[in-house]
Structure formats: structure tokens, C-alpha cells
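K.L.:
Structure below; questions to follow.
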């Protein structure tokens, strides 16, 4: 009986800790904080500009990680660093909860390039999900602007954006591969 009570108590404690961490992020508060993001990332996180990523439907862990990287200076972008510097961990959690809860819209892409990119995309799906939806710390690629994705792949290749796994993946890709992969994911 003692073992059962101990197991039950442990389960309740773990359950409460998990419930606390899940409910700590407030999407509604994130919506209010996201007003500063609309100019670049679009209404509800669906950017209309290929210069800025879509945040709608993005993985919350990825958003949190990137905002913290901008805040610490580990990831470089003057505008994002200035914004992220003023965010608390709670703000970051709230923004991640808000944007991840928004419905993503497809950016669309050149159909011929997308078709050529589909078989090449298999190398991406282990980390980025079978439909490019992202998984945990790995971002959603589905629906992103193809030009944005091409730019990010080039940044990984030239080292201006850092990620050990991505540097390895892009090292053998051509500019044409970038365009085809980006078109495929942008079309989803």
C-alpha cells in the first residue's frame, strides 16, 4: 500500500509540474505582445514578405529557442536582437504559444520547382516532420516563402547562420537544390 501511495503521490507531483509548465504560456497575452511583430511577420504570423519568416503554426520550442538566441546575441539580426533584448522568459513563452496556435497559410511556389524538390525533401523530413510541419526544436518549413528558405539555406552554407546539422546538410547542395527544396516546402 505504501508503494502504491508513493507512486500515486509521485504521479500527482509530476502531473502538476507538467500542467504548470504547459499552462504557464498564455497565448492570449502573446497575442497582445505580438502587435510589435505584425509589421514584419504579418497578421497572425502569416508574413506576406519573403524577407521575413512566417511564424503561424511554428513549433513553440523553435520560437522560444530563436528568440532566446537573438536575445543572447548567439543569433545575429540587429532588429530582432533589439526586440528580443526587452523580452522576459514569460514574454517569449507567451509569444511562442500565440504564434504556434495560429493557422499557417501556404506561401505557394513554382509548381515545376516544387515537383523537382519533392524527392530531395526526404533528407529534411526526419528533423522537420513528414509534412515539413516541424518537430520540437526543428522549425516548420511547410508554407514558408521559398525565397526566405533559399536565403536561410545559403546562410547556413556560408556560416552566417550556425547549426551543426544544417551545415552538414547544405554543404553538398547546389543553388538549384535550394530553389527546388524551398519551392517544395513553400508549396505545402
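K.L.:
Among the residues of segment 95-141, count how many are over 26 Å from residue 175 (Cα atoms), touching a helix residue (DSSP H, G or I) at 6+ places or on another chain (Cβ under 6 Å) and either assigned by TED's automatic domain parsing to the domain that holds residue 44 or modelled with pLDDT of 95 or more (or both).
P.N.:
Going through segment 95-141, the residues over 26 Å from residue 175 (Cα atoms) turn out to be 95-104, 136.
Remaining after also requiring touching a helix residue (DSSP H, G or I) at 6+ places or on another chain (Cβ under 6 Å): 95-102, 136.
Now drop any that are not either assigned by TED's automatic domain parsing to the domain that holds residue 44 or modelled with pLDDT of 95 or more (or both), which leaves 95-102.
Result for segment 95-141: 8.
K.L.:
Could you run through segment 85-101 and say how many residues are surrounded by fewer than 21 Cβ atoms within 10 Å (Cβ to Cβ) and closer than 16 Å to residue 36 by Cβ?
P.N.:
So the answer is 6.
K.L.:
Let me ask something else about it. With the structure loaded, tell me whether residue 14 is at pLDDT below 95, loosely packed, with under 12 Cβ neighbours inside 10 Å and under 24 Å from residue 129 (Cα atoms) or whether it fails that test.
P.N.:
no
K.L.:
Condition (residue is surrounded by 14 or more Cβ atoms within 10 Å (Cβ to Cβ) and more than 18 Å from residue 148 (Cα to Cα)) applied to segment 105-114: is it met by at least one residue?
P.N.:
The answer is no, given that none of the residues of segment 105-114 is surrounded by 14 or more Cβ atoms within 10 Å (Cβ to Cβ) and more than 18 Å from residue 148 (Cα to Cα).
K.L.:
Given the conditions (1) in the same structural domain as residue 40 (by TED's automatic domain parsing); (2) part of a helix (DSSP H, G or I); (3) more than 15 Å from the chain's Cα centre (by Cα), report the number of the one that residue 92 does not fulfil.
P.N.:
Single failed check for residue 92: (3).
K.L.:
Has segment 56-78 got any residue that is surrounded by 17 or more Cβ atoms within 10 Å (Cβ to Cβ), on the phi > 0 side of the Ramachandran plot and not assigned by TED's automatic domain parsing to the domain that holds residue 160?
P.N.:
The answer is yes, given that some residue of segment 56-78 is surrounded by 17 or more Cβ atoms within 10 Å (Cβ to Cβ), on the phi > 0 side of the Ramachandran plot and not assigned by TED's automatic domain parsing to the domain that holds residue 160.
K.L.:
Exactly one condition in (1) in a helix (DSSP H, G or I); (2) farther than 23 Å from residue 36 by Cβ; (3) out of contact with any strand residue (DSSP E or B) (no Cβ under 7 Å at 6 or more places or on another chain) is not met by residue 127; state its number.
P.N.:
(3)
K.L.:
Name every residue in segment 133-164 that is more than 15 Å from residue 179 (Cα to Cα) and assigned to a helix (DSSP H, G or I), in order of residue number.
P.N.:
158, 164 - these are the residues of segment 133-164 that are more than 15 Å from residue 179 (Cα to Cα) and assigned to a helix (DSSP H, G or I).
The values are calculated or read from the model by the stated rules, or taken from the named source; none is laboratory data. Keep in mind the model is a prediction, meaning the values are calculated, not measured. As a convention, Cβ positions derive from the backbone with ideal geometry for all residues, glycine included, and neighbour counts pool all protein chains shown.
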